[in-house]
Amino acid sequence: MDLQIRQEGEFQYIDEGQGEVLLLLHGLFGALSNWKGVVDHFSKNYRVVIPLMPIYEMALHKAGVPGLMNFVEDFVKFKKLDNLTLLGNSLGGHVALVYTLNNPAKVKRLVLTGSSGLFEDSMGGSFPKRGNYEYVKERVGYTFYSPETATKELVDEVFNITNSNAKCLRIIAIAKSAQRHNMAKDITNIKVPTLLIWGLNDTITPPLVAHEFNRLMTNSELYFIDKCGHAPMMEHPEKFNSILEKFLSKTTVEQTT
């Protein structure tokens, strides 16, 4: 399936399938295509929705986790979405956590993979070395266990982003906002069923971070994928989808009994 990007009002998004809503949030250097394996698999039985977050275009004074959370609130309201299963990778997980705390009645389940919010060794803070393609290639490769997952297309995309002053300013502002916005005290208040899927070889949000999320969130379960870095849904889509499918089935049964 080729992902069809829709435009409606100020929003660009993917909306595939019918049924319960899976709302997917990408990370700082993420793209809608990061979730292609999830869309292909789950759009058969679910409505899979992915908003393109305005990371590179948002007003500089709003460039941060709260501003992105407000964007998600606006998008959910605009699309009249409810009863959400919210999935977030990296920065998207951080935004999902803040959204859940601010809109508990909207969120049925939470799925985090390589989420920031407690600690991350972010490349945003040190970015960018403008015009240095090899540096960008190395940093993108650092995201994955298998560097070949960082395709030339992906490296080119990030390289082009880092060559824009305006985009870099927003990336740095958002990365700093995420690092400042530690959620250790707040996430104990999240009670919805939460699935943590982590790469065992994640160097950006290491396994220690996943264990800490699991410790602090009382209704959470944690799964590791071996030989996997910061984006399990890209590097091991079949394993990721299998873990997620079991979680969705189990929590549906629990909520109807």
The simple spin-label model distance between Asn219 and Phe119, using points 7 Å out along Cα→Cβ, in nm, is 2.8 nm
Ranked by GNM mean-square fluctuation in the chain (Cα springs under 10 Å), the top entry among Val111, Val158, Val98 is Val158
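Using Cα-Cα distances under 8 Å and only pairs 6 or more residues apart, what relative contact order does the range 40-116 have, in percent? Show your work: numbers first, answer last.
Values: 77 pairs, mean separation 21.0, N = 77.
It comes to 27 percent, rounded to a whole number.
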Beyond 34 Å, the calculated P(r) of the chain holds a percent of Cα-Cα pairs equal to 9 percent
One finds, for Asp2 and Lys80 with R0 = 30 angstrom and r their Cβ-Cβ distance, a FRET efficiency to the nearest 0.05 of 0.70
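If you put +1 on each Lys and Arg Cβ and -1 on each Asp and Glu Cβ, how big is the dipole of the chain around its Cα centre, in Debye rounded to 20?
On the way: 27 positive and 28 negative charges, 120 e Å.
That gives the chain a dipole magnitude of about 580 debye.
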If unit charges are put on Cβ atoms (+1 for Lys and Arg, -1 for Asp and Glu) and the dipole of the range 18-119 is taken about its Cα centre, the option from Gly93, Asn45, Phe29 lying farthest towards the positive end turns out to be Asn45
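Rounded to the nearest 0.05, what FRET efficiency do Glu10 and Ala31 have when you use their Cβ-Cβ distance and R0 = 25 Å? Present the calculation step by step, with values, prior to reporting the outcome.
Details: r = 19 Å, r/R0 = 0.74.
Given R0 = 25 Å and the Cβ-Cβ separation, E is 0.85.
Taking Cα pairs under 8 Å and at least six residues apart, what relative contact order does the chain come out at, in percent? Please list the in-between numbers first.
Values: 479 pairs, mean separation 49.9, N = 257.
So the answer I get is 19 percent.
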If one compares the long axis through the Cα atoms of helix 152-162 with the longest principal axis of the Cα atoms of the chain, the angle in degrees, nearest 10, works out at 70 degrees
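Kindly provide the helix-only [θ] at 222 nm of the chain, computed as the sum of -39,500 (n - 2.57) over DSSP H runs of four or more divided by all residues, to the nearest 500 deg cm²/dmol?
Values: 9 runs with 104 residues, N = 257.
The per-residue figure over the chain is -12500 deg cm²/dmol.
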Other residues with Cβ under 9 Å from the Cβ of Val158 give, with Lys and Arg +1 and Asp and Glu -1, a net charge of 0
Karplus-derived 3J(HN,Hα) from phi for the range 97-110 (6.51 cos²θ - 1.76 cosθ + 1.60, θ = phi - 60°), whole Hz, x at Gly and Pro, runs 5, 5, 4, 4, 5, 8, 9, x, 6, 8, 9, 8, 8, 10
Whole-percent carbon and sulfur contribution to the accessible surface of the chain (1.4 Å, no ligands, DNA or RNA) stands at 51 percent
Within the chain, the percent of DSSP beta bridges that are antiparallel, given to the nearest 5, stands at 25 percent
Candidates Thr194, Thr143, Thr218; GNM for the chain (alpha-carbon contacts under 10 Å) flags as most fluctuating Thr218
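Given Cβ point charges of +1 (Lys, Arg) and -1 (Asp, Glu) and nothing else, what value in debye, to the nearest 20, does the dipole of the range 205-257 about its Cα centre take? If you can, show how the numbers build up before the last one.
Details: 5 positive and 7 negative charges, 11 e Å.
Dipole about the Cα centre, nearest 20: 60 debye.
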Using alpha carbon centers only, the range 55-97 is separated from the range 137-157 by a whole-angstrom value of 25 Å
Each label sits 7 Å from Cα toward the beta-carbon; between Asn103 and Lys62 the label points are separated, in nm, by 1.4 nm
Length gained, Lys246-Asn165, 0.36 nm per residue minus C-alpha separation, equals 24.8 nm
Restricted to pairs 8 or more residues apart or on different chains, the lysines in the range 108-257 with C-alpha atoms under 12 Å apart form a number of pairs equal to 4
To the nearest Å², the heavy-atom accessible area per residue of the range 21-117 with 1.4 Å probe amounts to 31 Å²
At R0 = 35 Å the Cβ-Cβ FRET efficiency linking Lys227 and Lys176, nearest 0.05, sits at 0.65
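The values are calculated or read from the model by the stated rules, or taken from the named source; none is laboratory data. Every value quoted in this text rests on a predicted model; they were computed, and no experiment measured them. Virtual Cβ from ideal backbone geometry, glycine too; neighbours counted across all protein chains shown. For accessibility, only protein heavy atoms count, side chains too; no ligands or nucleic acids. Shrake-Rupley method; radii C 1.70, N 1.55, O 1.52, S 1.80 Å.
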